[in-house]
Structure formats: structure tokens, C-alpha cells
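All of the numbers you see were taken from the coordinates with simple rules; none came from a lab. Not measured: the values here are computed from a predicted model. Cβ coordinates were reconstructed from backbone atoms using ideal geometry, including for glycine residues, and neighbour counts include every protein chain displayed.
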Amino acid sequence: MAMKIQTRLPEPEDLKQEYPMTREMKEKKTVRDGEIQNVFTGYSDKFLVIVGPCSADNEDSVCEYVERLARLNEEVKDKLILIPRIYTNKPRTTGEGYKGMLHQPKPDQAPNLLEGLIAIRKLHLHAIAVSGLTGADEMLYPENRSYLDDILSYEAVGARSVENQQHRLTASGMDIPVGMKNPTSGDLSVMLNSIKAAQGAHQFIYRTLDVTTNGNSLAHAILRGGVDKYGTCIPNYHYEDLYRLSAMYQTSGLKNPAVVVDANHSNSNKQYKEQIRIVSEVMHSRNYNGDLKQLIKGVMVESYLIEGRQEITGNRTYGQSITDPCIGWEDTEYLIRKIAEEC
């Protein structure tokens, strides 16, 4: 094969022993996992807000963000559950560009996957330590999630991965909620097929092992918009889209019908300020229709300390995205308080 082995990476269990969860962290995660699961099973009417940077590119700024989020969580915790979006892997449409902290723990330096694995685990642990909030990440590489599977409280399968067999089967073995995004085409039937696969039991090869899974009843939909054959963005957060998804769910036989609406990506055409308006419309739709109120369990928002985005240089603005543009902290505080009022 035309591959050159750079180095042999540590096994997940070895890295977990070197950078362990403390007992206090494990206890907090157990409580958080239960609270989040109760939202998806209908035992809780709290609303989820999965919020944070497009990419977690710097441990200090991400942890400062999450620490602020924890203080805001105390203010709204009777109605909302805030889940920090700590995305350490970035899918790239063309394969080019910054692929996240896993690949490049220092964005302006060459990839180093060993240092990256250590960096992303330390980042998630640090975030819990300073905030008490367990976070979300994207399952971009199924074989890599074992390095973080004891830490995360929520995972997402992206639009480019949702049709992949290994992602679907791996999702079936998770014990936390996993959101399956609609593909970039926007096809809702593909997304629902992916949820069905994730909710089913399977036997397959995972990290050289022959494994079986029981299925993940907490697998659910994420609407992120799509693009047509000309590359034009087609949003799917409108009332009609949510109503159609509700009807499709009712005939699907899927467990725990649920959707989280991603307010950015193709829903906003990456016009990051539109996220505020989009979330407001989703909340209106949810309050207008009782079925949608039960179906819509949360929203995803891309947010960081400083709004907008920047290029990767040696003199970057602290707390500003180096991938997709995000809303800033002031808008984030406003939006989260507004969501709490409208729940």
C-alpha cells in the first residue's frame, strides 16, 4: 500500500490511564448523562443548547468560553441544559485546510497526531474541571472515539459521514445520545435510515475486534440544511420542514423521536448572525405546535468569545474562530437567555 507509517499511536486505554477522569468528573458525567437522556426519552421538558466554537482550536480560549458558559448555565438550568460544543475533529469538503486539534494541536504548525490525541483529551478534561459541564464532539473518525468515549455526553455524526456504514454501526454501540445529521443533499430519508441503523443491534469489526452492539435508542435527527445540485443552500429549519419531519417520524417506527436544529451551516448559509433569528423561528414553531414541542429537543449554535472568523496566522485574535464564523459572547448570552424565556 502507498502508505508510510509515521509512528504507532497509544491504545485508548493507555491514554486514559495517563490522563484519567477523576472520581468527581465521573460523578458529574453520570448526573449530566442522566439529565440529557431524560430530555430525549421525554421524562424531562428541559431544552438542550449545544453551543460553542466551530472548532476547538486553543485550550485556553475554549476553556475560558466553557467557564463562562457554566456561569450562564447556573442562571438558566431550570429550563435549559447547556452542552459545550468542543469539536476537535473537522471534516473538510475537499480534504484541504485545518482538520482540527486532533490533527494540528497547534494550528499554524505541521500535523502531529500523537500530540493531537493527547491535546484533545487534555482539553476535554480541562473543560470539565473548570466548568463541571461535560461536552459534545463530532464522531468524524469512528475508530478514534475510544480515546474520548468516557468523557463525552453527546456526539454528532456529520453530514458527510451519516451515510457511512462504520459511523452508523459505531453509533449503535454508544451509551449517550448521538445526533445523525441530514446529508449535504438535505435528504431526510437518508437521515432517518441512518437513525434506524444506529438504533439497531449489529455485529461488526471495530479496532481489530469482533464486536456486537445492542443499538442506541437515543439516536436522533439533526437538521442542518442542505445544498441543491448547483450548490445553493436550502434551509430545513422552517415550520413546514419540521412538520414534515414530524410526520415522517410518526410512520418510521423509530424510538424516542427527536430533532436538534443546527442553526448554522446550510441553514444559515454560514451567515453566522442569522443563527439568532433562526433559533427564534424554531422556538416559535415549537410553541405553536404541540407535536413539534415534543419533537424539537434542542438547537446547535456556533459561538465563541469573539464573533466572526480569522485566517490561521502567527498573530491570531484570542477566542475567534479559524474555521466557520461564529457569533460572539454578548450575542450568545442574549440568545441563551432568550431561549430560556421562550421555552
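In the chain, what % of DSSP beta bridges are antiparallel (nearest 5)? The antiparallel proportion sits near 20 percent. Between Leu335, Thr94, Ser55, whose Cα lies farthest towards the positive end of the dipole of the chain when Lys and Arg beta carbons carry +1 and Asp and Glu beta carbons carry -1, centred on the Cα centre? Value computed over the given set: Thr94.
Cβ crowding within 10 Å, taken as a proxy for footprinting-reagent exposure, orders Leu305, Leu242, Leu209 from fewest neighbours to most as Leu209, Leu305, Leu242.
This model, with +1 at the C-beta of Lys and Arg and -1 at the C-beta of Asp and Glu, gives the stretch 12-342 a dipole about its Cα centre of some 480 debye. Note on the chain: GNM, Cα springs under 10 Å; of Ile176, Ile205, Ile312, the largest mean-square fluctuation is that of Ile205. Computed from backbone phi with θ = phi - 60° and the Karplus coefficients 6.51, -1.76 and 1.60, the 3J(HN,Hα) list for the stretch 179-193 is x, 9, 6, 5, x, 4, 6, x, 5, 6, 5, 4, 4, 5, 4 Hz; x is used for glycine and proline. Residue by residue, the stretch 107-117 carries 3J(HN,Hα) couplings of x, 9, 10, 5, x, 8, 6, 5, 5, x, 4 Hz when phi is fed to the Karplus relation 6.51 cos²θ - 1.76 cosθ + 1.60 (θ = phi - 60°); x denotes Gly or Pro. Positive end of the dipole of the chain (Cβ unit charges, origin at the Cα centre): among Ser246, Gln271, Leu305, the Cα lying farthest that way belongs to Ser246. Going from the residue with the fewest nearby Cβ atoms within 10 Å to the one with the most, His126, His167, His284 rank His284, His126, His167. The chymotrypsin sites (Phe, Trp or Tyr not before Pro) of the stretch 206-296 that meet both conditions, a loop assignment by DSSP and at most 13 other Cβ atoms within 10 Å of the site Cβ, are Tyr230. Under the combined filter of DSSP loop state and at most 10 neighbouring Cβ atoms within 10 Å, the stretch 284-333 retains these GluC sites (Glu not before Pro): Glu311. Annotation note: GluC sites (Glu not before Pro) in the stretch 1-102 located in DSSP loop regions with a Cβ neighbour count of at most 16 within 10 Å are Glu96. Among Cys54, Cys326, the order by Cβ neighbours within 10 angstrom, fewest to most, reads Cys54, Cys326. Counting pairwise Cα distances across the chain, what percent come out greater than 37 angstrom? Cα-Cα pairs in the chain separated by more than 37 Å: 11 percent. Listed cross-link partners Lys4/Lys122; Lys270/Lys297; Lys99/Lys293 are compared with a 32 Å cut-off, the Cα-Cα value being larger for Lys99/Lys293.
Largest GNM mean-square fluctuation among His202, His103, His265, using the chain with Cα springs under 10 Å: His202.
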